[in-house]
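The structure appears right after this line, and notes come after that.
The values are calculated or read from the model by the stated rules, or taken from the named source; none is laboratory data. Bear in mind that the values here come from a model prediction, so they are computed numbers and not experimental data. Here Cβ is always computed from backbone atoms with ideal geometry, including for glycine, and neighbour counts include all displayed protein chains. With ligands, DNA and RNA removed, areas are computed over all heavy atoms of the protein, side chains included. Shrake-Rupley method; radii C 1.70, N 1.55, O 1.52, S 1.80 Å.
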Number of protein chains: 2
Amino acid sequence: MTSAVPVLRSTAQIPFRRATLWESGYPTIAGRIPMTDIRPSVPDAAYAPSAFSGEIVPFTVTAFREGHDLLGVHLRLTSPSGEESVHRLSPRNDGFDRWTVLVAPIEQGTWRFRYEAFADDFATWQHAAYLKIEAGVDTALMRETGAELFELAADESDRPEPERELLRTSAARLRDPSVTDAEALAVVAAPALSHAFAQRPATSLVTVTEERELLVERERAGVGAWYEFFPRSEGARRKRNGAVVSGTFVTAAERLPAVAQMGFDVVYLPPIHPIGRTNRKGPNNTLVAGPEDPGSPWAIGAAEGGHDTVHPDLGTLEDFRSFVDAAREQGLEVALDLALQASPDHPWVTEHPEWFTTLADGSIAFAENPPKKYQDIYPINFDNDPEGIGAEVLRIVRHWVAQGVSIFRVDNPHTKPLQFWEWLIATVNAESPDVVFLAEAFTRPSPLKRLAQAGFQQSYSYFTWRNTKEEIEEFFTWVSDETADFMRPNLFVNTPDILTEYLQYGGRPAYKVRVALAATGGASYGVYAGYELVENVARPGSEENIDNEKYEYKFRDWNAGNSLAPYLTRLNEIRHAHPALRQLRNIRFHRSEDSAIVAYSKHIAAELSESGAADTVIVIANVDPYSTRESIVHIDPTVWGFAPGESFEVEDLITGATWTWAEHNYVRLDAFVEPVHILAVKGTS
Amino acid sequence: MTSAVPVLRSTAQIPFRRATLWESGYPTIAGRIPMTDIRPSVPDAAYAPSAFSGEIVPFTVTAFREGHDLLGVHLRLTSPSGEESVHRLSPRNDGFDRWTVLVAPIEQGTWRFRYEAFADDFATWQHAAYLKIEAGVDTALMRETGAELFELAADESDRPEPERELLRTSAARLRDPSVTDAEALAVVAAPALSHAFAQRPATSLVTVTEERELLVERERAGVGAWYEFFPRSEGARRKRNGAVVSGTFVTAAERLPAVAQMGFDVVYLPPIHPIGRTNRKGPNNTLVAGPEDPGSPWAIGAAEGGHDTVHPDLGTLEDFRSFVDAAREQGLEVALDLALQASPDHPWVTEHPEWFTTLADGSIAFAENPPKKYQDIYPINFDNDPEGIGAEVLRIVRHWVAQGVSIFRVDNPHTKPLQFWEWLIATVNAESPDVVFLAEAFTRPSPLKRLAQAGFQQSYSYFTWRNTKEEIEEFFTWVSDETADFMRPNLFVNTPDILTEYLQYGGRPAYKVRVALAATGGASYGVYAGYELVENVARPGSEENIDNEKYEYKFRDWNAGNSLAPYLTRLNEIRHAHPALRQLRNIRFHRSEDSAIVAYSKHIAAELSESGAADTVIVIANVDPYSTRESIVHIDPTVWGFAPGESFEVEDLITGATWTWAEHNYVRLDAFVEPVHILAVKGTS
């Protein structure tokens, strides 16, 4: 018999007790003990922060009081099912009055939390009594004050009886004149008493914050390895006359076992709907398509149907369902693209011309970036009929959810009204809380952050263009803290739209570094098919692959020698074996002298780990794909439970090499051999 | 006849119009055009931000919309008397979607403000029409679209008739086939049309934020030069037997003309109440006072009375009133100290023992920092009787307000409950809005910031210990922006408690630099008497003057040669002549190559200046008091209205020297001659 899943894991849970609040003499905004800068929180406070099930969330608050007396802070959590718990925060002692505790909520749904600050009467007494008795000042007074404090605590019926007995005998010893002051000092500092009061503190002036909410979503909202591919390319074949027979869901499904064997969690498909013929784009984004050119899947809609329809070349809706089932059997989820735009042939254009913009000359407006026009796409004008468009999109999403789809990658959400997404995601998640939306929000920071707050579970991010050591440290420091309460980056290393200069010129070493950083630095990452084949030739003057798969079929030899598939496979194995890597907020950078050697680690304490064992991984990457770099890497292993100066064993999970490490460690990384160490640390706690 | 004082000054006020709000199709938190990061604002949003009358406040908001269409943002302000106004924000174009406008509210009281974002239909059309007509794309369509936009605007009855006529003729020209596209382009770009639409934009999708409040207090809440002195020292004389006859309010009043002539605005007096005799401190903070030692004024209360009483040595309450009147006649305000603690002889100790902490042995607790005890002071225990203590302190404050005091310097507010201050200041300001409280909050950032939000009009600050170029730049950058919506530093250069190492060792140059930085860097600053005499000898091992005036009388020769009084006088003259220096938020740092040469400027645009003339001052300081430094100082004078590359005249307000400056300027500052340039810039706008 296995035990039930706990609703949470915590580093400092203490027994639940009701608190008696201090009733203030003054009608003020501040409570008796001021608290501020509450986290988790979001910039736009009307939204709630969010986390994924199992995510290790730092619950943090600034709390301080007047004068020198000591205080304590508790976190009070109520799970969606109503389970209440109390967690003791630790002071950071950084001069900024920050208090923090790590908790991993597991139960999905809306949690409520508040902080409770209190005068810690035992700690204040203990601090003063120790110093004063040691100095021979007010010794009798200090002993009597302590005895009274212990007696009050001993009377509390919810303390374990052995503890109450300890408190009684300790009070008696403090009062016993035959006990010397030196002996009394030992009572003052007794660890058992400190422990008793840490579990059930003697409190006064108890102040609470307002209650806030934290939305906990399913793990896949924040964690996963994605693989993007065009089903029409898988199984496509060229006929003798040069024409191509499209791949189908049936042939594409044959690729699924390989994707699963590489260890991916999600397969993401570009739009699978009928493609317009009017102004269809040809190879390499040319303006005229030949009769055999398949067109861009993002030019959605044709006589055969629109967003609710499967492209006839790919098969039937039944074929799609079978594909989803086949994926599920391989442990893969299918993510669909949601691109809200229409080709001029989309049924909406005739059925709902009011959903587009009609110009002064009566024509429908194409997408444009003046003076350029994109004549294969009509953008939707959401302001003409918000309710009608909303109802139609909701119908479409429900349709695909009914086919077994529970992840949507949303194309260019920042070109549609934010209000629409907030409404759509709230409406869908109210009926289907497990549906995950990924925002392809390659845009400025303000809309990027606001889309995440408005409901998107994940976002594409600036990671794609953060290549240098300094850029990588800044990026991960930002996303793992400042925005982590609401935004979860999905670290795609490439897309059909993006082949960065770093990848174009860095060769195989660049491909290894980027995917290793993505797979270990964040909790979600993705690759677009062809990455493993180091497809790094760009269309001149663009940041896209030449002969872009958006406009044509691709024929690839997945079994080519020198494929990075084994490398991807190993990275995903490492991710699955090491829960520390399936977190975002726990990344910590370490100092190296070399300007291209990035060093970071991720750690989960035993209390926060599902297995009950701590997990610690160090990643050292040479981000210069052209050379060999060496440096000393400086680490403070005491935060993982090692004694100062203690050495420890590490194992490189890529090569199997093992070393004995300590605070200062030599590394040498040849970009052309292995540009990245991924080191499991043994014996942490 | 002089015109009435306006309620505000603004860089971009436009005609008031009612707006028609967009009614959203979706019930969401986000509005149609999202807005966020609203300023002015405070970290603890339940409090309101504040400003002083005449303060130039940046009103700033993040606003963005989907896609590429252009937007505009307005600030809507309602003054305390109900006057409504509209101000057009400018985009910062920094990639963060920030919009800003500078407004100086003048009328005191609670203002209300909200932001209004809108689709700027003219700007969107103008942008697209110019590019497309120039490229020959959709020219007829663009011209017709513009003509329709102009006709709609021409129908608006609140536009001036000449503007309506312009719009009608412009529409006709766009439609006229005999007008070429090249000629139509001139209509598209016509400045008069851009101006008409900037004043009264063509708007759609109008979205507003919630209304927020801004408290505007009197100018002295944020602006002033303070001078602190002990009245008992002024006119004190030593008798033949060595005993001292205390100075009185009558003799101290004789010092007021000199303080006024130095140009100060406020005289601040340490506590003026009877001083306890029990455990009175002797010279240099020794534990035993001689019979003639006057004791620390902060050990408040004796048989003669407590906080509502004047020390008999200083005279009578009537004498104090006369002192306040004499100060007022000199243009000086009197600030009193509010130190909520008691000597063991305070009447409260017998009348209200419950206001103190009674220990287990029945004694009253002294102030302590275990194991040390301060046996001349009983701290108040606010939690024993919050209402009773509150009523008593309110009575005391009202008592002194009735004697003509409207500024209180609050001693150690961070050792009393924050709630108490929030309640006290709100209660006092509700009946006496002009009363100003200065927090002596030498404490950590969290309580410092929270006290300011809770109501303190001013705070002592970390300026006292910020000496290097890097520290000064960081400090002023912080207080002039991040905390400026709620915290106003009063830059005291020294106090009876603080004689920094920089002053102890830096000699006369250090004294000049520090006070010049204080007088020009912030809007409020202060000196404690003796600064002008370069009293820089510390009690060994302490950061205080030797023979501290807190414990004894001081006999000073104000007419000693080499006094810095003329320097202070000149600084205050410069402050009074240059409104740019009486602002905090307008400080901008400039680059210099030298590690000790600090360069900053302050500017007021003509529209924001009471006189209607712009004011610009550059300060260049050598903060190394031991040497001569030289450097190039780099400035961008285009922000002050100069053309790129244009030179301009500056006058050193300290020495009278004049130079012609431009973007790159050589400076040389000999610490032993004049360590600081204060340069008035001629001809700015």
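In straight-distance terms, cross-link reach from A:Lys239 covers every one of the aspartates and glutamates whose alpha-carbon lies under 20 Å from its own, apart from those fewer than eight places away in the same chain; here that gives A:Glu292, A:Asp293, A:Asp313, A:Asp547, A:Glu549, A:Glu552, A:Asp557. Computed over the Cα atoms of the range B:213-324, the ratio of the radius of gyration to the Kirkwood radius (Rg/Rh) comes to 1.05. Each label was represented as a point 7 Å from its Cα along the Cα-to-Cβ direction; for B:Ala426 and A:Tyr666 these points are 6.6 nm apart.
So for the range B:1-118, what are the equivalent ellipsoid semi-axes in whole Å, largest first, each being the square root of 5 times an eigenvalue of the Cα gyration tensor?
26, 16, 15
The residues of the range B:580-681 present an accessible area of 40 Å² per residue when probed at 1.4 Å with all protein chains retained.
Can you give me the % of accessible surface on the range B:233-554 that is carbon or sulfur? Probe 1.4 Å, all protein chains present, nothing else counted. Looking at the range B:233-554 in its full context, I get 49 percent from C and S. Rg/Rh for the range B:66-161 (Cα atoms only, Rh after Kirkwood) is 1.09.
Computed from the C-alpha gyration tensor, the three semi-axes of the ellipsoid equivalent to the range B:351-442 are 27, 15, 11 Å, from longest to shortest.
Computed from label points 7 Å out along Cα-Cβ, the spacing between B:Thr286 and A:Asp361 is 10.0 nm.
Between A:Ala189, A:Val676, A:Pro58, the Cα set farthest toward the positive side of the dipole of chain A (charges on each charged residue's Cβ, about the Cα centre) is that of A:Val676.
By DSSP, the beta bridges lying fully in the range A:233-554 are antiparallel in about 40 percent of cases. Annotation: per residue accessible area for the range A:1-217 equals 44 Å², rounded to a whole number [probe 1.4 Å, protein chains only].
Basic side chains Lys and Arg get +1 at the Cβ, acidic Asp and Glu get -1 at the Cβ, and with that the dipole of chain B about its Cα centre reaches some 940 debye.
Peptide A:445-458 is shielded by partner chain Cβ atoms: per residue, an average of 3 of them sit within 10 Å of its Cβ. Simple point charges give the picture: +1 on the Cβ of Lys and Arg, -1 on the Cβ of Asp and Glu, and for the protein assembly as shown a dipole about the Cα centre of about 1040 debye.
Considering only B:Leu71, B:Ala19, B:Met35, and ranking their Cα positions along the charge dipole of the range B:1-217 that arises from unit charges at the beta-carbon of Lys, Arg, Asp and Glu, the one farthest toward the positive end is B:Met35. Put simply, the range A:580-681 fits an ellipsoid with semi-axes of 23, 15, 12 Å; these come from the alpha carbon gyration tensor as the roots of five times its eigenvalues, largest first. In order along the range B:31-41, the Karplus-derived 3J(HN,Hα) couplings, from 6.51 cos²θ - 1.76 cosθ + 1.60 at θ = phi - 60°, round to x, 4, 10, x, 10, 7, 6, 6, 10, x, 7 Hz, and Gly and Pro are given as x. With label points set 7 Å from Cα along Cα→Cβ, the inter-copy distances at B:Glu607 are 5.7 nm, sorted shortest first.
Among beta bridges identified by DSSP and lying wholly in chain B, the antiparallel ones come to about 75 percent.
Here the spin labels are modelled as points 7 Å beyond Cα on the Cα-Cβ line, and at B:Glu649 and A:Glu387 they lie 7.0 nm apart.
Less than 5 angstrom separates the built amide H of B:Lys416 from those of A:Gly67, all sequence-distant by 5 or more or on a different chain. The A:Glu304 and A:Glu83 beta-carbon pair, evaluated with R₀ = 45 Å, returns a calculated FRET efficiency of approximately 0.30. In this assembly, the B-A interface accounts for approximately 5500 Å² of buried accessible surface in total, computed with a 1.4 Å probe and without ligands, DNA or RNA. So what does the Cα-only Debye profile of the range B:501-613 read at q = 0.15, 0.17 Å⁻¹, as log10 I(q)/I(0), no solvent term? The computed values of log10 I(q)/I(0) come out as -0.81, -0.96. A Förster radius of 35 Å, combined with the Cβ-Cβ distance separating A:Glu473 from B:Val537, puts the computed FRET efficiency at roughly 0.15. The mean sequence separation of alpha-carbon pairs under 8 Å and at least six residues apart, normalised by the residue count of chain A, gives a relative contact order of 11 percent.
With the convex hull drawn around the C-alpha atoms of chain B, the volume per residue stands at 194 Å³.
Based on protein heavy atoms only, the range B:277-426 ends up with 39 Å² per residue of surface accessible to a 1.4 Å probe. Note on A:Lys469: lysines with a C-alpha under 28 Å away, same-chain residues under 8 apart excluded, are A:Lys449, A:Lys512, A:Lys602, A:Lys682.
Seen from all sides and averaged, what is the projected area of the convex hull of the Cα atoms in the range B:1-217, in nm²?
Working: hull surface 59.7 nm².
The directionally averaged projection comes out at 14.9 nm².
Peptide A:60-69 shows a mean partner chain C-beta count of 5 within 10 Å per residue C-beta.
Beta bridges from DSSP with both residues in the protein assembly as shown: antiparallel share about 75 percent, rounded to the nearest 5. Computed from Cα atoms alone, the Kirkwood hydrodynamic radius reported for the range A:233-554 is 20.7 Å.
Among the lysines, select those whose C-alpha is under 19 Å from the C-alpha of A:Lys132, and discard any that sit fewer than 8 residues away in the same chain. Straight-line reach from A:Lys132, under 19 Å: B:Lys372, B:Lys373. Expressed per residue, the C-alpha convex hull volume of the protein assembly as shown stands at 211 Å³.
Each residue was assigned an accessible area with a 1.4 Å probe, and for A:Asp557 the value is about 90 Å².
Here the Karplus relation 6.51 cos²θ - 1.76 cosθ + 1.60, evaluated at θ = phi - 60°, turns the backbone of the range B:433-439 into coupling constants of x, 8, 6, 10, 10, 9, 8 Hz, with x for every Gly and Pro. Put simply, the amide H of A:Arg218, placed in the peptide plane, has neighbours under 5 Å in A:Ser53, leaving out anything fewer than 5 places away on its chain. Distance from the Cα centroid of the range A:554-600 to that of the range A:385-461 is 29 Å (rounded to whole angstrom).
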